[in-house]
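So the structure is just underneath, and the comments pick up after that.
The values are calculated or read from the model by the stated rules, or taken from the named source; none is laboratory data. What you see is a predicted model, and the numbers here were worked out from it, not measured in a lab. So basically every Cβ, Gly included, is an ideal-geometry build from the backbone, and we count neighbours across all protein chains shown. Just so you know, the surface numbers come from the protein's heavy atoms only, side chains and all, with ligands and any DNA or RNA stripped out. Shrake-Rupley method; radii C 1.70, N 1.55, O 1.52, S 1.80 Å.
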Amino acid sequence: MTRYRLAIFDFDGTLADTLPWFRASFHDVIARFDLKPVTAEELEDLRGLSAREIMARLGVSTWQLPAIVNDMRKRKLAAAGETSLFSGIPETLAELQRIGIQIAIVSSDSEASVRQVLGPVTTLVTRFDCGAAIFGKHRKFRRVARQLGVKPSETICIGDEIRDIEAAKAAEMDSGAVAWGYALPFALQAAGPTHLFNSIEEMTERLAT
């Protein structure tokens, strides 16, 4: 496996356990923006779809998207005090830093929200580039790598959604898909990530190899 110099992480569903919050908040967002309602079972089915497919299923128009994303950011910031990192994430980030892999976070969340959830772990992160558009992460991936003087070939982008894989490919970087977040493993695998990590322990071991 390539020895990476930079690991760019998504936040929600990758480092932070926000899926329970998402399930609890989803129907409020549906009602507020007058989107197509879904049952609890259909909500789980959405986890097997891409972001564009989810938008089509819910009837989200392009002009609505910025307002929905902004609303979600505000909700996440309000809930940041009750949000926790996945067990093992602080140790993983510390190990990556120890072996010389720089850590960055690129997220559609606000930086304030991300920092509040990270707490002391914030010191392990070299660069934040938050507030990413739903479909604009590849630009931020490139910018972060350029700012840190790291080549795309030396960078891996790690996330829990199909759009994270697509953004990494657009940035000509390797992708790592995590099986414990929002998208279901079969959907992530079908998107063709460079690596599919089934556990945090596996991710740590493979990145440190």
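Here are a few things to note about the model shown:
- When the P(r) of the chain is calculated, the portion above 26 Å amounts to 29% of the C-alpha pairs.
- For the options Asp109, Asp71, Asp160, a Gaussian network treatment of the chain with springs between C-alpha atoms closer than 10 Å singles out Asp71 as fluctuating the most.
- Bridge type composition, the chain - antiparallel percent by DSSP, nearest 5: 5 percent
- Helix 19-32 vs. the chain, principal-axis angle (Cα, 0 to 90°, nearest 10): 40 degrees
- In the stretch 21-82 the Cα-Cα distances spread across 10 Å bins starting at 0 as 20, 55, 24, 1 percent of all pairs.
- Gln116 paired with Leu46, simple spin-label distance in nm, labels 7 Å along Cα-to-beta-carbon: 2.3 nm
- The Glu91 and Gln147 beta-carbon pair, evaluated with R₀ = 30 Å, returns a calculated FRET efficiency of approximately 0.70.
- Solvent exposure of the stretch 10-136 as accessible area per residue, Å², 1.4 Å probe: 48 Å²
- Set Lys76/Lys151; Lys36/Lys169; Lys36/Lys76 screened for pairs whose C-alpha atoms are more than 29 Å apart: Lys76/Lys151; Lys36/Lys169
- Degrees between helix 89-98 axis and first principal axis of the chain (Cα, 0 to 90, nearest 10): 30 degrees
- About the Cα centre, charge dipole magnitude for the chain (Lys/Arg +1, Asp/Glu -1 at Cβ), debye: 900 debye
- The residues neighbouring Val60, those whose beta-carbon lies less than 10 Å from its own, together hold a net charge of +3 under the Lys/Arg +1, Asp/Glu -1 convention.
- Choice from Ser199, Ser61, Ser107 with maximal GNM fluctuation in the chain (Cα, 10 Å cutoff): Ser61
- Angle in degrees between helix 65-78 and the longest Cα principal axis of the chain, rounded to the nearest 10: 70 degrees
- Computed Kirkwood radius, in angstrom, where 1/r is averaged over Cα pairs of the stretch 71-147: 13.3 Å
- Label zone of Ala190 (point 7 Å out along Cα→Cβ, amide N under 19 Å): in the stretch 39-53 this covers 41-53.
- Local net charge near Ile101, Cβ-Cβ under 15 Å (Lys/Arg +1, Asp/Glu -1): +1
- For a label point 7 Å along the Cα-to-beta-carbon line of Arg127, residues of the stretch 149-168 with backbone N under 15 Å: 149-158, 168
- On the stretch 94-209, 50 percent of the accessible area sits on carbon and sulfur atoms, based on a 1.4 Å probe.
- At full extension, Ala78 and Ile30 could sit 15.4 nm farther apart than now, given 0.36 nm per residue minus the alpha carbon distance.
- Entry note, the chain: relative contact order of 28 percent, from Cα contacts under 8 Å with a spacing of 6+ residues.
- For the stretch 52-127 versus the stretch 143-209, the gap between their alpha-carbon centres in whole angstrom: 15 Å
- The stretch 1-52: radius of gyration over Cα atoms, expressed as a fraction of 2.2 N^0.38 Å: 1.55
- When Thr18, Thr83 are compared by accessible surface with a 1.4 Å probe, the order from highest to lowest is Thr83, Thr18.
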